[in-house]
Every structure is written in structure tokens, then in C-alpha cells.
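What follows is a single structure, written as C-alpha cells, with notes after it.
The values are calculated or read from the model by the stated rules, or taken from the named source; none is laboratory data. Note that the coordinates shown come from a computational prediction; the quantities given were computed from them, not determined experimentally. Here the Cβ positions follow ideal geometry from the backbone for every residue, glycine too, while neighbour counts run over all protein chains shown. For the accessible areas, the whole protein counts, side chains as well, though only heavy atoms, and no ligand, DNA or RNA atoms are used. Shrake-Rupley method; radii C 1.70, N 1.55, O 1.52, S 1.80 Å.
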Amino acid sequence: MTSTVTSLASRSRLSSAAAAARRLRAVWMLLLVGVVLTIASPVFLTHNNLMNVGLATSVAALLAVGQTYVIVLAEIDLSVGAALGFTAVVTAQALRDHGLVAGVAAGVAAGAAIGLVNGLLVTKTRMPSFIATLATMSVLSGLSLQLTKGNPVAVTDYDFQGIGQSRIAGVPVPVVIMLVVFAAAGYLLARTRFGRHVYATGDNTEAARLSGVRTDRVKILAFVISGVLAALAGFILTARLSTAEPTAGTGLELEAIAAVIIGGTSLAGGRGTLLGTLVGALVLGVIDNGMNLLDVSPFLQNVVKGLVILLAVFLDRNIDVLRSLIPKRADGTAHRGPSHRGGTAAAKTR
Amino acid sequence: MRMQLADVHKSFGENHVLRGVSLAVEPGEVVALCGENGAGKSTLTRVISGAHQPDRGRVLVDGEAAVLKDPQAAMALGIEVIYQEFQQNLFPHLSVAENMHVLDRDGRFGRWSVSRRRMAEAASSALRDLGLDIDVRRPVGELGVAERQMVEIAKAMTHKPRLLILDEPTAALDERESERLFEQVRRLREAGVTILYISHRLDEVFELSDRIVVLRDGRVTLDEPTGSLTPARVVTAMVGDAVDDFYPKERNATDRVVLRVRGASGGDAFHGVDLDVRAGEVLGIGGVVGCGRGELLRALFGLHPLTAGTVTVDGEPVRARDPRRAIAGRVAYVTPDRSGEGLAMQQSVEANVSLPSLGRFTTADVVRRGRERAATGKVMADLRVRAASPSVPAGSLSGGNQQKTLFAKWVMTGPRVLLMDEPTRGVDVGAKTEIYRIINGLTADGVAVVLVSSDLPELVAMSDRVLVMREGRPVSELTGDDVNEQNILEHALVGAP
């Protein structure tokens, strides 16, 4: 008995890597768009352009990291865009008045505080996260405008500008930050006890609580991570533009949510990876970039993006149907779990 | 209505639920239908209400063969059912009046635009007929359980039923509310409505019925006027005298007390419970649904408030304000609601098994996967959890293997006390026996087990001792040869003799 278990285990480790790649459908989407653009535009596959894609993607991608934690927990954080604007303004003002360290510290503290408030609202007052974060979004965007009287705040600190404008070994610092954050957050989610608790809580909060998981604390921490990363994204945007715009983050929460969903994370919770989110964010970034290269009207760009999101989610939901149209291979024994895909999403309407 | 069933058979796959049921219900008669869980009561109800079609046999209404192809056909003949889960048939956000006339089949309140005033008047008058004074404009969600049930009955009455079937109608009611329900039932009988009353509370069955019919294993084992019966005879008819060798019970009880509970009360659910469970002992708790046994287990695991009393495990006080603290006190709980609070179905079997014990496999919060896999693999092999691999989602396993996974998760924590509520619910026969062997293994290791089960043969066979509860209070403790279905039922239903 034991030996069969171990042999099954080692076999499954091999196949689980293959399964992970297969599961990451967004990769195919990214490759498809990449190939099309490489053919359509000679500029696309150049170092400079690819770095531009990374640079343009980094801000929304950082928001999407926090959003992934929140969505795996079957919650949502609509406040990240407004949190980005608010923390950027707070950072710029503290930086102007008290220097670099104070600016960064104020931004991080503000982001953490926003996440804490969101988390407490969702867990302690049992408010649906959609409503709670919609409200904090509104409060934060108003506060940003009030603090600045609607004007942008200039940032002249040379070191701070470096966060957005300098390069390390030819790679822009924002791209480095993005990759480091993804690696760290991915490790946290996939390998640590906290990550396990996130998946278990998102899948079945009651079962997790009965297993001794402090589900409220897990959710609060996820919102705090989301808030702090919004502040980090705010640093990058502010440093790149050398100004903090109170409205800088408007709409970015939707971009972040789209990246997470394209990356295969289920809105019903319990399922999703940060690698998927990274790929999802890159898909959106590459499409933006490609449309600029191909001179697509800026008005039409949003139309195309919307269609891409629909296509990605459609493929994700219907992959089993599509696959059943293709004749099965002889070794088609690989296990496919119950079809939670559409099933649980419909069943778990939280 | 005169309603007859002649040799009705019904199977679901291999499961032969009704094996030739014949009975007759006369107009204006209250007939009580009794039987243990799984005796076939619900299936019989569903055959009469048109929800199931009999495989064989006939249903006669007023002497003529009736074809009840669906519930609508039964309703057209004047057959109404108030199901035990009646709450599911009500819309909590709609008003009482709207709920009562959801199926305004003949368009009485206007075909295109519904007249709220006329609807409210009709609803009030229907409620008044039952002697009830409920504001029909209130949303049903604001009513108490008893009032909702009355609304459901009033709703059935608007269809002018000739046969009313009540399935466990007092399960959610307290004594006073039940008394009001009984008044209504008597009133309906006066009005000539035939009533089929399903209950396993013998006191109310004897109080209310003209005749008692007992089902066991899909057959009628008793059908006599209530006046000529005693509770003991009804219980005997329900239980039979079948003894089963299907339970591999091992006796591992020692003298050392592991779980000691003194004066435990949990709000309105249970009062003044004392328990002593010894190492290796299985203490069964008997009683009908609603007697407080489920809440007692939940309170010991921190899921229900313990308003008074003390709990110790191996002499150490355990204050289980939440499951975390209970687990830290080496108490584990197998929930009766496997999918709702047992397993995270999308996560791997392995992740489910290790979840409460993850701390044992972490270094600086990082999970050591090799150690985790080795430890979970061993427990899963010991408990014979059959999964294609430890990394398949728990939801992909069969019910029996899911249940064993749930056990594996708690065995892994090394509990001193294992509380289990309906441990074999929704599990096939083979897996049941395996779960009994798991219980044996636990008691052999000196774990104290508390077993709650509505499967009476299981409770009798697997328990060393049985505490019977009734209306939130322990009423008697059965040991040795006194642990049998007859005694448990008698004490649970009618109190200590």
C-alpha cells in the first residue's frame, strides 16, 4: 500500500509540472499575441520595446499581485487604484516636507493602513468586500483630491526618481521590482503555511476555520499586502513621472482584476497562481504596446482589450468543452479534477 | 379523501426502498407514519405526492386508480405536502401574502397586474381560518419558524386540500408552538381533511393520531388504531429484532478518564451535561434531532457557545472558544457537513489532510513538502484513503474516500478526544466498515471517542456506553446489555420510564 502511494507520488510530481503548464492557458494567449505582433511590426521584438512593455506593465502588475491574494480568498479589492493615488500623494508631500525616508515610510504606512481598514471591514463587520472596497475607493479618491486641492505634487528628489527612471544592467528598475515582488509573493503563496491558509480559506472558509486557521487574520493580511503593493506601485508611477497625480490610479483596479482573471484565478476563490497573474498582466501590456505600434486609434484600444478579456475567460471556462472536440490521446489517463471551473463559480456566489 | 396504496414498490438503483407497502387512509382520519431513518417514510410521501413514480403497485384515490405523474397532478386531486424542509419553499424577501399566492394558478388577482389589496385580503382570511393573526404584508424572513410553518400550512389550505401530509412538522418547533400546530391539525380533521402525520416523536404521535402505521425496511410492520397500542410496541415494530454482524466493534475502553465535562450548558440547546469518557472508550450519544447532542459536540470544539460548565482533557482544562484552541487542547471534530465545513474540495487531498497540522512541517513558515508528503502518505495508507495521487482535488474522491480523508486530517493531529457527528453519513457500506475500523484503531491508541449518530444500529454496535439526551438534557445512561435500539428510542422519545 505504502509503496504504491510513493510511486504514485513521484509520478504525479512529474506530471504536475506538465499539468501546471497546461493549466496556464494565458501563456498560449501571450505567445499568440507575441507571434502576431512580431510578424506585424519589426519593432516589437527589440530589447528596447520589450523593456517598454515591462515598464508599462509594472504598475498594474504590482496591483495585480495583491489582487491575486484577495481574489484567491474569494474577495475583491476595488480600492487599489484609489489607494495608489492616495499613497502617491501622501508620499510626495512627505517627501517634499521631510525627505526621502519619511516619504517612503509614509507611503508604505498609508498603504498598510488602507489594507487594514479594508480587511477589518470585510472580516469584522461582515461587509461584502465589493461594497466595502467600493466605499474606501470613493473615500480615498476624494481624500487625494482634498489633500492636493486637485493639483499634482512635484517630486524633485533625484534618488526617488531613480525608482522609476534608472536601470540595472539595462533593465529598468520598475521591471526588476516587479519580478522580485512576483517571485517573493509567488513563493509566499505556493510554499508557505500562510499561502496554504489563503487557498484553504478561499476554497472553504468554514472548513479552514474548523481546521484551526485564523481565517479573519488571513484575509486582513491579504488586504494589507494589497494596500502595501498599491503604495509600491504608487512609488514607481510617481518616480517615473516626477509628479504625484491624485487621480493617477483611476481605473487601474480594473486592469489589475483583469490581469488576475486572465491569469486563470477563479473569482470563486481557492484557485490561482501568481505566475498566471504575471502572464495575465503581460498579455494586457503586450496588447497595449502592440496597438500603439500598429497605430490603432486610442479609442479602439479599450474595445480590443475588452474583447481579449472576454476571449481569455471564455477559453478558460470552456477549455474542457473545446478539448472534448479533439480526439483523446491513448494515454489520456491524466486526472482532471471535477469541473470546478464553471461549477463552483456558479455554486459559490458570495 | 380515501386514499389507498396497494403493494407499492420503489427502488433507486440497487436500493430497494419500498418493498410492497399497502395501507389505507380514511376520510377525516389522522394517521401517523413512524419509522427509523431510511425506513422509507420520505419515499412513500413522495410517491403519494407525485414526486416519485412507484415501480410496481397502485395508488387509489376514492377507490379509483390515480395516475400521479407529477406533483401538479397530485395537487389537482387535493393532495398537499408540508415537507420537513418547508423553509426552502418560502421566499424570505417576499411578503406573507405574496408567498401564499405565488402559484396564483387561476389568475384570481388579475392576469396582467396583480392586485395587492385583493391578494392581502385573501391571505388574511386564509390565516384567520386557521385562527392566526399574522400581518400579511411582513416579509416571511421576519417571521419566526413556527409562524413560517403556519404560513406554509395556510398556503396549502388555500388549495383546499383533501389530504394533507405533514413531514416531521414539529422538528423546528418548541412545545408551545407544537401545541398550536396540534390544534390546527385537530381543526382540520374536524373539517374532514385527511391527515398523514410523519413523526418519530412518539408522545405527539400518541396524542394526535387515530391510527399508527410503522414502516421498517420498506415494509409495513404495524398498522393498528392508536388506542390499542403502547409506545413499546411501536418501538419494537420500528426496530425489529435484527442483530447485525456488520460492525467490527473492538472493546478497548480503559479506566482512565480522558474527557471530563461538568455542568455544561450551551444557551438554549443543552443544559447540565456531565460526561466522563475514558481512554479507548466510545461514548455514544442518542436522542432525536433537536435534542442538543449536535450542539454539545460543537460546543466542545468551540463552534457553539458554552455558557456554563468546565471541560478537561487528561486533567488539563480546555477552554475551546474557537476550533484553534480546541485543536491545541488535542480535541478533534468530524463534522456531519463534509462539504460545508469538512474539506476544501478544490485543494489536494494531501493539503486537506495536513491543514490542521501544517506547523509540524514548516521551517520559518515554509512548508517542507517532502516531510509533509511522507507524513500524510502514511496516515492516508493507514486509513486506506484511495486516491489516484495525493495531489488530486479532494472533491474528485468518492464520498467514502472523502470521509476517510476527513478522518485522516484529524488522526494526523494526534487527538486525545475525537468528537464525531454522523461519521458515516452519505458513505457506502464498504467504506462504513472501514470507518468503523478506523474508530477501532483510534480507541486502541487510547483516544476517547464521542459518537453522535442517527443510525441507531451503528450507535448501538459501536458504542461502549450510550448517553441518551432529550430536549437538551441527559435523561439516562445505558451500559452493557442495556445498550440496544429499543432502550435508546424509548428514552429518547418518551423519557425514562
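Can you give me the orientation-averaged projected area of the convex hull built on the Cα atoms of segment A:67-156, in nm²? Please report the intermediate quantities before stating the final value.
Details: hull surface 23.9 nm².
Mean projected area for segment A:67-156: 6.0 nm², to one decimal.
Under the rule of at least 5 residues apart or a separate chain, name every residue whose amide H is placed under 5 Å from the amide H of B:VAL220.
Amide H neighbours of B:VAL220, under 5 Å, 5+ apart: B:SER22.
Provide the net charge surrounding A:LEU284, with neighbours chosen by a C-beta distance below 13 Å and charges set as Lys +1, Arg +1, Asp -1, Glu -1. Spell out each step's value before the answer.
Numbers: positive: A:LYS305; negative: A:GLU255, A:ASP288.
Net charge in that neighbourhood comes out at -1.
Rounded to the nearest 5, what % of DSSP beta bridges with both residues in the protein assembly as shown are antiparallel? Numbers along the way, then the final one.
On the way: 49 of 83 bridges.
Here the antiparallel bridges make up roughly 60 percent for the protein assembly as shown.
I'd like the antiparallel share, as a percent to the nearest 5, of DSSP beta bridges with both residues in segment B:3-242.
Numbers: 22 of 39 bridges.
Approximately 55 percent, going by the DSSP bridge assignments.
If the convex hull of the alpha-carbon atoms of segment B:385-439 is projected onto planes in all directions, what is the mean projected area in square nanometres?
Numbers: hull surface 15.9 nm².
The orientation-averaged projected area of the Cα hull of segment B:385-439 comes to 4.0 nm².
Output the relative contact order of segment A:22-131, whole-number percent, from Cα pairs under 8 angstrom with separation of 6+ residues.
Values: 52 pairs, mean separation 18.9, N = 110.
Worked out over segment A:22-131, it gives 17 percent.
Quick one: Kirkwood hydrodynamic radius for segment B:368-497, alpha-carbon pairs, angstrom, one decimal? Numbers along the way, then the final one.
Details: mean 1/r = 0.0614 Å⁻¹.
About 16.3 Å, per the Kirkwood formula over Cα pairs.
Summed for both chains, how many Å² of accessible area, to the nearest 100, are buried between B and A with a 1.4 Å probe?
Values: alone 22410 and 17730 Å², together 37020 Å².
Roughly 3100 Å² of accessible surface disappears when B and A pair.
At q = 0.07, 0.09 Å⁻¹, what log₁₀ I(q)/I(0) does a Debye calculation on the Cα points of the protein assembly as shown give, no solvent, two decimals?
So the normalised log intensities work out to -0.71, -1.05.
Could you work out the equivalent-ellipsoid semi-axes for segment B:3-242, taking the square root of 5 times each eigenvalue of the Cα gyration tensor, largest first, in whole Å?
Numbers: eigenvalues 202, 86, 48 Å².
The three semi-axes for segment B:3-242 are 32, 21, 15 Å.
Hey, can you grab everything whose amide H is under 5 Å from the amide H of B:ARG278? Only 5+ residues off in sequence or another chain; H modelled, so Pro and N-termini drop out.
It is B:VAL258, by chain and number.
How much accessible area per residue does segment B:154-274 have, in Å², with a 1.4 Å probe?
Working: 5540 Å² over 121 residues.
That works out to 46 Å² per residue.
Grab the DSSP H runs of the protein assembly as shown that are 4 residues or longer, score each as -39,500 (n - 2.57), total them, divide by all residues and round the 222 nm result to the nearest 500 deg cm²/dmol.
Numbers: 31 runs with 425 residues, N = 847.
Here the helix-only value at 222 nm equals -16000 deg cm²/dmol.
For q values of 0.21, 0.29 Å⁻¹, compute log₁₀ I(q)/I(0) with the Debye formula on a Cα-only model of segment A:36-77, without solvent.
For the requested q values the scattering log ratios are -0.69, -0.91.
Which semi-axis lengths, in whole Å and largest first, follow from the square roots of five times the eigenvalues of the Cα gyration tensor of chain B? Spell out each step's value before the answer.
Values: eigenvalues 383, 138, 111 Å².
After diagonalising the Cα gyration tensor, the semi-axes are 44, 26, 24 Å.
If the cut-off is 12 Å between C-alpha atoms, which aspartates and glutamates fall inside it for B:LYS378, apart from same-chain ones fewer than 8 positions away?
Within the straight-line limit of under 12 Å, B:LYS378 reaches these aspartates and glutamates: B:GLU350.
Taking Cα centroids, how far is segment A:177-230 from segment B:302-337 in Å?
26 Å
May I ask you to rank B:ARG368, B:ARG384 by accessible area, largest first, using a 1.4 Å probe over the protein chains only? Before the final figure, lay out the partial values.
Values: B:ARG368 105, B:ARG384 125 Å².
Putting B:ARG368, B:ARG384 in descending order of accessible area: B:ARG384, B:ARG368.
Using a loss threshold of 40 Å², tell me which positions in segment A:179-214 are less accessible in the complex than in their chain alone. Probe radius 1.4 Å, ligands and nucleic acids ignored.
Buried on complex formation: A:ARG191, A:ARG193, A:ARG196, A:ASP203, A:ASN204, A:ALA207, A:ARG209, A:LEU210, A:SER211, A:GLY212, A:ARG214.
Obtain the radius of gyration and the Kirkwood radius of segment B:138-290 from its C-alpha atoms and give Rg over Rh. Numbers along the way, then the final one.
Numbers: Rg = 20.7 Å, Rh = 19.3 Å.
Radius of gyration over Kirkwood radius for segment B:138-290 works out to 1.07.
Considering only DSSP beta bridges whose two residues both sit in chain B, what percent are antiparallel, to the nearest 5? Before the final figure, lay out the partial values.
On the way: 44 of 78 bridges.
If I count the DSSP bridges inside chain B, around 55 percent turn out antiparallel.
Semi-axes of segment A:247-322's equivalent ellipsoid from the Cα gyration tensor, sqrt of 5 times each eigenvalue, largest first, rounded to whole Å? Let's see the in-between values first.
Details: eigenvalues 105, 49, 23 Å².
In descending order the semi-axes read 23, 16, 11 Å.
What's the carbon and sulfur percent of segment B:3-242's accessible surface, probe 1.4 angstrom, rounded to a whole number?
Details: 5410 of 11200 Å².
Roughly 48 percent, rounded to a whole number.
Can you give the FRET efficiency for B:GLU190 and B:ALA73, using 1/(1 + (r/R0)^6), R0 = 45 Å, r = Cβ-Cβ distance, to the nearest 0.05?
Numbers: r = 28 Å, r/R0 = 0.62.
That gives a FRET efficiency of 0.95.
Which of B:LYS69/B:LYS432; B:LYS41/B:LYS69; A:LYS219/A:LYS305; A:LYS219/B:LYS409; A:LYS149/A:LYS305 have a Cα-Cα distance over 28 Å? Please report the intermediate quantities before stating the final value.
Numbers: B:LYS69/B:LYS432 36 Å; B:LYS41/B:LYS69 19 Å; A:LYS219/A:LYS305 30 Å; A:LYS219/B:LYS409 23 Å; A:LYS149/A:LYS305 33 Å.
Flagged as over cut-off: B:LYS69/B:LYS432; A:LYS219/A:LYS305; A:LYS149/A:LYS305.
If you consider only alpha-carbon coordinates, what radius of gyration and Dmax does segment A:94-249 have, in Å?
For segment A:94-249, the Cα-based Rg and Dmax read 17.8, 53 Å.
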